[in-house]
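Written out below as structure tokens is the structure these notes cover.
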Amino acid sequence: MKLLTPIKIGNLEVRNRVVMPSITNNYAKDGYVTQQMLDYYEARARGGVGMICVEDGIVDFPIGNNTKNPVSIDDDKYIPMLTKLSTVIKKHGARAAIQISHAGRRAGRVSPENGCMEVTRGIIPVGPSIIGHPFPGYVVPRELRIEEIEDIVEKFGQAARRAIEAGFEIVGLHCAHMYLCGEFLSPWANKRTDKYGGSLENRLRFTLEIIQRMKKEMGNVPLICRMNGEEPVGGNTLLEIREIARRLQSAGIEAISVSTGFGAVLTERDFISAEAPIGTPEGCIVHLAENIKIGTTIPVMAGNMIRTPEFAENVLLENRADMITIGRPLITDPDWVNKVSAGKNRDIRPCVSCCQGCLGYLTRDLPITCIMNPVTGREGDHSMQPVPAERAKKVLVIGGGPGGLETAIIAARRGHKVTIWEKAQQLGGTVLLAELPPRKAELKKITNYFRHTVSQLKIDVELGKEANKELIKEFNPDAVVLAIGGKGILPPIKGITQNNVFLANDILKNNITLSGKVVIIGGGQVGVELAELLGEKGVSVTVVEALPSVAEGVFFGIKVPLMFKLEDYKVRLLTNTLAKEIKANGLLIERNGTEEFIEASSIVIAVGQTAQNSLEDELKEFVPELHAVGDCLKPGNIMDAVHEGYKVGLII
Ligand SMILES: Cc1cc2nc3c(=O)[nH]c(=O)nc-3n(C[C@H](O)[C@H](O)[C@H](O)COP(=O)(O)OP(=O)(O)OC[C@H]3O[C@@H](n4cnc5c(N)ncnc54)[C@H](O)[C@@H]3O)c2cc1C
Ligand SMILES: Cc1cc2nc3c(=O)[nH]c(=O)nc-3n(C[C@H](O)[C@H](O)[C@H](O)COP(=O)(O)O)c2cc1C
Ligand code: SF4
């Protein structure tokens with residue numbers, strides 16, 4: 001495969017064309033690399049990737065921070081831990097790179113919890129101009145003075161020196177995502193009238209000065225750059241972007257990683273974000289890498305939602321890019337490259353682009369994790385490694401959703417004799433419903449992966465088998481894991497037992513066709529996704545939600561396109577609204593202290609799930625070892641089910 005062939009960046013050979021791009025993980029502490037980071041990156045290097053570009057090292061901490069907890073490279077005191085980091089990466093044959101950056105105005109995020117500028121530790125951020133990052137919760141920055149610009153250029157130079165002293169073999173300059181370099185480059189953020197603003201020549205000046213200064217420190221070490229492949233209206237055009245790439249090459253940049261997006265423009269329809277969410281086509285910005293390739297002769301990296309080795313290979317074979325960045329899929333499966341090399345593509349734990357555990361956690365200032373990989377961020381924690389069981393037990397897992405399947409896999413790997421009983425005719429559980437709304441089809445990969453893995457291990461699967469006390473007694477297991485999922489809540493609303501009332505999950509499970517006017521009670525993820533699905537089919541939908549907003553807790557990258565679609569389908573969203581009484585021809589609601597009647601032929605209930613523990617109570621008396629995971633224990637999501645299943649699989 002071309003993907004697995006070496007390539008040169010400058011004079012440096014990289015063993016294959018798979019690059020782990022920078023992904024800030026929130027594992028740093030006070031700017032220092034931590035043991036947690038060493039373990040996390042080492043696992044990815046061991047997994048066969050050609051090059052790892054460590055997340056943004058901040059050149060001016062904390063005013064240039066991209067998050068509350070970034071890696072800092074603005075002082076020599078950080079060099080010893082950075083050296084350890086480059087060492088663990090190189091030890092496994094991967095090339096160690098580090099991206100260096102200043103977040104500019106994007107550092108000015110105000111914490112929704114306490115209203116403080118926690119990212120900059122209370123300091124007003126800086127930018128090329130007095131224009132705030134146009135996304136809720138950002139303060140307006142202070143305009144940089146010329147002498148401050150010169151100071152920042154010097155800071156980039158010093159950061160490059162430290163990167164090299166710390167043993168990094170490649171240094172990356174972050175010019176994408178509207179951080180400080182990107183801000184100066186783009187007329188979207190740079191409105192200066194001095195020599196750093198106005199013409200493209202002037203807008204390039206800051207970045208070119210930085211490159212010149214960094215290269216002075218770098219000798220033969222390659223300098224690469226990440227840049228935007230497209231910008232929103234008012235930003236650089238595709239032609240200007242091509243010209244910027246050409247100028248970067250002329251200035252000595254030796255490879256370009258093409259990215260796009262930056263928070264705010266998510267609210268522009270059809271603009272692809274830096275972390276393209278589930279539902280975005282594979283290879284969504286490869287055309288932007290192609291545009292840059294036209295203007296340059298150095299290696300160009302394409303990425304963002306490249307998920308399969310086959311797709312990556314085709315991009316290379318068609319000469320649309322020279323290297324491929326694989327980001328989130330390496331969070332999910334650090335061994336992605338090794339598995340591809342061994343022809344075991346189906347063994348790859350899939351990333352489904354949900355952003356729930358990675359970016360979703362990062363934006364809440366939490367260390368990143370992954371819905372499908374409970375070990376992410378805990379690679380060095382020995383208690384998380386499956387070890388052979390002292391005694392092989394007869395384990396019965398009841399329920400073939402993600403919780404049960406993960407438990408079964410880990411328990412089987414440890415040597416237990418595992419049987420799964422699933423009352424439906426197929427494995428997958430509620431994920432089979434979760435994948436039905438628009439843009440959610442990528443979730444199918446979860447069930448496909450589990451089915452494949454279960455078939456590789458000696459796990460007995462009995463489909464169409466509904467567990468009850470008698471059957472379990474007869475089976476006589478040493479351990480039982482209940483993973484039977486939650487039960488839809490029927491709220492105590494007058495008229496709820498009428499035959500025009502349906503549970504949301506039943507509509508999806510039984511493919512029930514609704515038409516005319518429908519009211520959905522409950523505007524959480526399930527309610528609004530069902531609203532979109534029905535809206536797409538031409539149904540007139542009203543969503544009634546007691547809270548002040550719908551889709552609470554849904555990651556904004558997923559929520560924004562969903563809200564656009566609800567707008568397109570004219571779905572009426574009634575928040576702060578109570579459902580009072582269901583009648584044969586509609587629903588009586590109370591809003592702002594007044595009652596209103598909404599006509600509807602069907603009422604759908606989507607107010608969530610409750611735990612299912614009646615079987616647990618029945619089994620306690622005779623099952624020697626009993627566990628429960630996932631929604632049946634406490635209604636949650638796929639991540640809860642998988643992570644709990646993993647942990648129970650480890651302790652049985
Ligand atoms: C429309 C929709 C969208 C969703 N979207 C997302 C999302 O985007 N992200 C996310 O993280 N989560 C999402 N979820 C939630 C997610 O699907 C669940 O939280 C998750 O599947 C719970 O996993 P589980 O293994 O605990 O239970 P389940 O997946 O519910 O599996 C339980 C299994 O047990 C079986 N079972 C029940 N009783 C018995 C019995 N007595 N004997 C044998 N088998 C039995 C059931 O048939 C089922 O297969 C969504 C849910 C829905 C409905
Ligand atoms: C949690 C998270 C943090 C990220 N942090 C950075 C970063 O610090 N610098 C950067 O250039 N890109 C960052 N990115 C973007 C990724 O490098 C990558 O371009 C993006 O995830 C799309 O590629 P993928 O679909 O292969 O994941 C981040 C992405 C995620 C999910
Ligand atoms: S949390 Fe979701 S998007 Fe992030 S790495 Fe895991 S599967 Fe991929």
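Couple of notes before you dig in:
- Over 29 Å [Cα-Cα, the range 2-354], rounded percent: 34
- Fully extending the segment from GLU470 to LYS2, taken as 0.36 nm per residue of separation minus the present Cα-Cα distance, adds 162.8 nm.
- Rounded FRET efficiency, nearest 0.05, which uses the C-beta distance separating ILE146 from TYR32 and R0 of 35 Å: 0.60
- With the convex hull constructed from alpha-carbon coordinates only, the range 390-459 shows a mean projected area of 4.5 nm² over all directions.
- Both the radius of gyration and Dmax for the chain are 26.5, 83 Å, in that order, over alpha-carbon atoms.
- Bridging of LYS29 to lysines at a Cα separation below 27 Å is possible for LYS68, LYS77, LYS84, LYS90, LYS91, LYS155, LYS647, once same-chain residues fewer than 8 apart are set aside.
- Rounded FRET efficiency, nearest 0.05, which uses the C-beta distance separating ILE489 from PHE597 and R0 of 35 Å: 0.90
- Under 17 Å from LYS458, Cα to Cα: aspartates and glutamates that are on another chain or at least 8 residues apart: ASP347, GLU406, GLU422
- The range 486-526-the range 99-162 distance, computed between alpha-carbon centres (Å): 48
- For the range 340-378, applying the loop criterion from DSSP together with a ceiling of 13 other beta carbons within 10 Å to the trypsin sites (Lys or Arg not before Pro) yields LYS344, ARG364.
- Sorted peptide list for 405-417, 269-281, 192-204, criterion being average Cβ within 10 angstrom, highest first: 405-417, 269-281, 192-204
- Using a cutoff of 8 angstrom between alpha carbon atoms and counting only pairs six or more residues apart, the relative contact order for the range 501-609 works out to 35 percent.
- Unsatisfied cross-links (Cα-Cα over 20 Å) in the set LYS444/LYS570; LYS440/LYS509; LYS2/LYS339: LYS444/LYS570
- Database note for the chain: Cys without another Cys beta carbon under 4.7 angstrom, CYS53, CYS116, CYS225, CYS284, CYS351, CYS354, CYS355, CYS358, CYS370, CYS632.
- The range 501-609: mean projected area of Cα convex hull, nm²: 6.5
- Highest average first, the peptides 641-652, 468-479, 117-128 ordered by how many other beta carbon atoms sit within 10 Å of their residues are 641-652, 117-128, 468-479.
- Cross-link partners of LYS580 among aspartates and glutamates, defined as those whose alpha carbon lies under 14 angstrom from its own and excluding same-chain residues fewer than eight positions apart: GLU545, GLU590, GLU595, GLU596, GLU599.
- Protection proxy ranking, peptides 381-392, 62-73, average beta carbon neighbours within 10 Å, highest first: 62-73, 381-392
- In the chain, the calculated helix contribution to ellipticity at 222 nm averages -9000 deg cm²/dmol per residue, counting -39,500 (n - 2.57) for every DSSP H run with n ≥ 4.
Every number in this text was worked out from the coordinates using simple rules, so none of it is lab data. Quantities reported herein were computed from a predicted structural model and do not represent experimental measurements. All Cβ positions, even for glycine, are placed from backbone atoms using ideal geometry, and neighbour counts span all protein chains on display.
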